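Visitor: Before we start, here is the structure in question, set down as structure tokens.
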Amino acid sequence: MKRLSLILGAALLLSAALSAQEVQNFRPSSVVSPEITAETVTFRLYAPYATVVTVNPSWLNTLPATAPEKAMRKDMNGVWSVSYPLPASELYYYTFTVDGVRTLDPANNFVIRDVGNFMNALIVTGGRGDLYAEATRHGNIEEVWYPSPTNNMTRRMTVYTPYGYDRYNRNKKYPVLYLLHGGGGDETAWSTLGRTRQILDNLIEQGKAVPMLVVMPNGNPNQYAAPTLGIPVNPNTKRYTSSFDNYESLTADIIPFIEKNYNVIRDRRSRAVGGLSMGGGQSFYEGFRHVDIFGSVGIFSSGLIGGTSGSQGFDAEREMPGIFTTPAKYNKFNVIYLSCGEQDPRLAGTENFVSRLEGLGYKNLSYESFPGAHEWHVWRESLTSYVQLLFK
């Protein structure tokens, strides 16, 4: 009996040692990266056997060509580092390249995905970046599976509910924004890259936006959910001639599901649609085609509206008969919001479209351009502006 106790004791000690070793293997790095001070951002990477290490912070893409990327230097402990002057307040991305191989920063758990690219992220506060940081009162993000008879599939979407939302309190109902992603994105894009929850949490807390639900579905008709789930696409789904005019399931499947399962206001003035790039084109079709369903429409950096080679635009009258010849048919929105990056080739076409609507007397029309090209900081700013106009 004593020998058995000794054996069991030894086994327990060995198990504890192995567990400790496992924890040791996955213990976070003691290197601090990135380190943000009042004046600098410093990146560090422990790579004692590497010969060349570089980092590509995304703010370098907005600097003149005369500001080349700095080389990282290795210290005697095998830690590579480089410091940059603190950029303007924003959300930024970066990765390391170690001897030609792109890799993430093991010292930074803030990782996001843009289509097939995984990147580390950091937020510089003290300005616009404050909207992307956590508010005091947090709403919730839900990943929801719903039936889509239109596509003969069960699909996933992301739903934001504001702080204080209580699904059991049927007396408190909220308006809804249906927010659509761009090409290559999925139902996670707006909640991760777009920082939708953080933006809404902060604006609602500041009294600048009305508490609302934000529904972020997957706009790729053949996808059940984001590719990271490893679910193969559906090869037998309905085919569409346009990646912009392919979202009939929004009104046929998604809105009925939301209105059955969430405490929302069921009238057009309390429904809005908006999106970026491909999602902006989808918002044009869904919003203008269903003026009886949506009270507001937002179009961010859309290639449909702006064209992708300058001011060529598109034939809006052909796509939406009456938009120019019978404006009273569509001039019923509470908000028509358009935006584009100032360095985006879609800018001229977007501005031409806005000017045409203005000339025809479209009311509640708002247009903004932001510094930048076809990129997320333009779309986060667009979302920030758009939601402050809604449901007022």
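The values are calculated or read from the model by the stated rules, or taken from the named source; none is laboratory data. All figures in this text were calculated on a predicted structure; none of them were measured in a lab. Reconstructed Cβ throughout: ideal geometry from the backbone, glycine too, with neighbour counts over all protein chains shown.
Visitor: Scanning for something surrounded by fewer than 20 Cβ atoms within 10 Å (Cβ to Cβ), acidic (Asp, Glu) and within 22 Å of Pro217 (Cα to Cα), does segment 266-275 turn up at least one residue?
Guide: Yes, the conditions are met somewhere in segment 266-275.
Visitor: For Asn120, are the conditions met, namely being at pLDDT below 95 and closer than 30 Å to Gly230 by Cβ?
Guide: No, not satisfied.
Visitor: Oh, and also: List, please: which pairs have Cβ atoms under 8 Å, are six or more places apart or on different chains, and start with a residue in segment 313-329 that is at negative phi and end with one that is surrounded by fewer than 15 Cβ atoms within 10 Å (Cβ to Cβ) and of a type in the set (Gly, Ala, Ser)?
Guide: Pro327/Gly361; Lys329/Gly322
Condition check ((1) more than 28 Å from Leu203 (Cβ to Cβ); (2) among the polar types (S, T, N, Q); (3) surrounded by 18 or more Cβ atoms within 10 Å (Cβ to Cβ); (4) in contact (Cβ under 8 Å) with a residue 60 or more places away in the chain) across all residues:
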residue	(1), (2), (3), (4)
Asn334	no, yes, yes, yes
Tyr337	no, no, yes, yes
Gly341	no, no, yes, no
Leu347	no, no, yes, no
Phe353	no, no, yes, no
Leu365	no, no, no, no
Phe370	no, no, yes, no
Thr384	no, yes, yes, yes
Lys392	no, no, no, yes
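Visitor: Also, I was wondering about something else. Kindly indicate which of Asn236, Asn218 is assigned to a loop (DSSP other than H, G, I, E, B), out of contact with any Pro (no Cβ under 7 Å at 6 or more places or on another chain), surrounded by fewer than 17 Cβ atoms within 10 Å (Cβ to Cβ) and outside the structural domain of Ala121 (by TED's automatic domain parsing).
Guide: Residue meeting the stated conditions: Asn236.
Visitor: Let me ask another. Can you report the number of residues in segment 161-186 which are closer than 17 Å to Tyr386 by Cβ and out of contact with any Leu (no Cβ under 6 Å at 6 or more places or on another chain)?
Guide: So the count comes out to 7.
Visitor: Also, quick follow-up: Restricting attention to segment 88-116, which residues are hydrophobic (A, V, I, L, M, F, W, C), surrounded by fewer than 17 Cβ atoms within 10 Å (Cβ to Cβ) and part of a loop (DSSP other than H, G, I, E, B)?
Guide: Ala88, Leu104, Phe110, Val115
Visitor: Restricting the first residue to segment 72-87 and requiring it to be assigned by TED's automatic domain parsing to the domain that holds Leu122, which pairs with a second residue that is aromatic (Phe, Trp, Tyr) and not in a strand (DSSP E or B) meet a Cβ separation below 9 Å and a spacing of at least six or different chains?
Guide: So the pair list comes out as Gly78/Tyr49; Tyr84/Trp59; Pro87/Trp59.
Visitor: Still on this structure: Please specify each residue of segment 221-230 satisfying the condition of being crowded, with 20+ Cβ neighbours inside 10 Å and more than 21 Å from Gln282 (Cα to Cα).
Guide: Answer for segment 221-230, where residues must be crowded, with 20+ Cβ neighbours inside 10 Å and more than 21 Å from Gln282 (Cα to Cα): there is none.
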